[in-house]
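Encoded as structure tokens, the structure appears first; notes follow it.
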Amino acid sequence: MLASLQKNLAGRHWYLIAIAIGLLSIWITPKLPIVDFPQHVAQLALLKDLLQQKSQWSDLVTINYYTPNLFVYLLGLTLSFVFSAITSLKILISIAYIGFVFACIQLRKHFNSDPRLDWAFLLPFFGYGYEWGFVTFIISAPLALFFIFFTDKYVQKTQLTQAILVFAFGFLLLESHGLMFLFATGTACFISLVHTKNIKHFAFVITPHLILMSYFVLLFKLNSDFNSSLGMQQYTLNHVDIHWDLSVDRLFYGLIHTVSRTIMNLPAMASILTIVLVLLSPWLLNLKPNKNNKSAIIFFAVVCAIMLLFPSYILGTRYVFERFAIFLIPSYTFIFSAEKTNKPNKLPQVVVVLLTIGVLSSLCLKTYKNHLFQIETQAIDSALNKLEPNQKVFYLVLDSYSQSNYHTTYLHYPAWYQVNKAGFIESNTDLLGNFARLAPFPVRYRPGVAPELIKDVNEKIMIDFKEYRYIIVRHQLNRGLSDIFTMPTCKPTLVDQVEKWAIYDTGVCRP
């Protein structure tokens, strides 16, 4: 009976159903419950308006053609002429999810690992980077995997076709995400080194990577100089601020980050338990590490080194090592050979059944959680839709916690006004504000235009109420506007209040 259940659950149709559930979690709600997603969509919508010369905000922002996210946004821009900006990015995320799983399967086949471990590839895409909304990072993840895949094939069989594929995927990756390119190139160079036959062979196989790295250095220098001209010193080589955050906790949190930002909710706990089972599965399935598979071992070693030793903050970029947890479990499974040991074991059938049930359950819980988020946001979405379009908005999210999503989902939620109403949102706290303030994005503030940042949001905030039509605040209900802002002689009018959200109209303050 158990063998029959294993055969039915291990069938590829169940695997396809699991992928479909993963895709459903992306589409079950109009607005994904991931932190930075509203800002990415707002960037894409504003970029399109600027290129079409339809934006009224061109005096505030300009286009940054040195963006390391160029390829992702070009794809999104192309789709946006057929679909809305939000649908365009959700299409790219969906393609990236399928591409990530497919690339992992191709690498598993290439490394001759066990196909029963393919279930390990379905959850990591929705981990730390996804929940924070690092959209360009997760979209570029399958490009990184294919780059490593074709590099390994190229170094073992130096054919022109493989060299072209290495260069093509490397170039697309370079123009998609700088950190991901550095990770994949570093891994590829180590793989090339261990497979080198002699100096001549090494020089030949490393040439595509050297060309790509030279181009990357040039772009990085141009972007650094551009940032310096805009006064954004935190993104230049002259101001290298690094936070390492080294601790033994990384051993524990690396596992959590594979599937979630936090452990304090049912979907996260289900996913973490499933990942623990994935870690044990190769041993329970009588698999053994393949010591001769140098490429897979290097891949896994590089990911582990990043998770244990890499900075958390560098050159204005937060949560650096945490996001690479997306590769931890896939690279771990690659080091095991598909060949079984000679030890008798009755566990494999149970393991496969539990893996299947665990992954399906985790994906279903994530999908249901996203559905609850849609219900939770209906009231504030309705309130934002009632506001007049084409207005400048100041927002301040002091309480960003979502009851349905169990973490700080609402940090940038007011950016949906910019998306849907062609307005422009701003804030001046350290973690908030329009993403036009940040170097990696295609739409950037013009020099001297961005609001000055303040560090302590517990102090009263001073803004010019005449500059903004609406003030959107999310805070505990017992806090009034006068408790947060240094009030001018006029008092903005409360036009809507939805749970912790409050929307004010500054019309009485404007001439």
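The numbers here are math on the coordinates, done by the rules we state, and not lab data. From a predicted model like this one, the values you see are computed outputs, not experimental measurements. Backbone-built Cβ (ideal geometry, glycine too); neighbour counts: all protein chains shown.
When cysteine pairs in the chain are screened for C-beta atoms closer than 4.7 angstrom, the residues that find no partner are C104, C189, C304, C364. Histogrammed with a bin width of 10 Å, the alpha carbon distances of the chain distribute as 4, 18, 27, 26, 15, 7, 3, 0, 0 percent, first bin at zero. For the modelled label position 7 Å from the Cα of L210 along Cα-to-Cβ, which residues of segment 175-204 have backbone nitrogen atoms closer than 18 Å? What the label zone holds, given the 18 Å backbone N cut-off, is 185-204. Once the Cα-Cα distance is subtracted from the 0.36 nm per residue extended length, the L284 to V508 segment shows a gain of 73.7 nm. Dividing the radius of gyration of the alpha carbons in segment 74-230 by their Kirkwood radius gives 1.01 for Rg/Rh. Expressed as an acute angle from 0 to 90° and rounded to the nearest 10, what is the orientation of the C-alpha long axis of helix 160-174 relative to the principal long axis of the chain? Compared with the principal axis, the helix lies near 30 degrees. Among the listed pairs K31/K491; K466/K500; K31/K221; K369/K491; K48/K90; K109/K291, those with a Cα-Cα distance over 27 Å are K31/K491; K31/K221; K369/K491. Relative to the longest principal axis of the Cα atoms of the chain, the long axis of helix 348-376 makes an angle of roughly 10 degrees. Among residues other than E131 with Cβ under 12 Å from its Cβ, the summed charge is +2 (Lys and Arg +1, Asp and Glu -1).
Please report the relative contact order for the chain, taking Cα pairs under 8 Å with a sequence separation of at least 6, and give it as a percent rounded to a whole number. Across the chain, relative contact order equals 21 percent. Counting charges near D245 (Lys, Arg +1; Asp, Glu -1) among other residues having Cβ under 14 Å from its Cβ returns a value of 0. For the chain, find the longest principal axis of its Cα atoms and tell me its angle to the long axis of helix 266-284, 0 to 90°, nearest 10. Once rounded, the angle reads 20 degrees. Over the residues of the chain, the helix contribution to mean residue ellipticity at 222 nm works out to -17000 deg cm²/dmol, using -39500 (n - 2.57) for each DSSP H run of at least 4. With distances taken between every two different alpha-carbon atoms, segment 390-509 has a Kirkwood hydrodynamic radius of 14.9 Å.
One Cα centroid belongs to segment 343-413, the other to segment 179-225; the line between them spans 38 Å.
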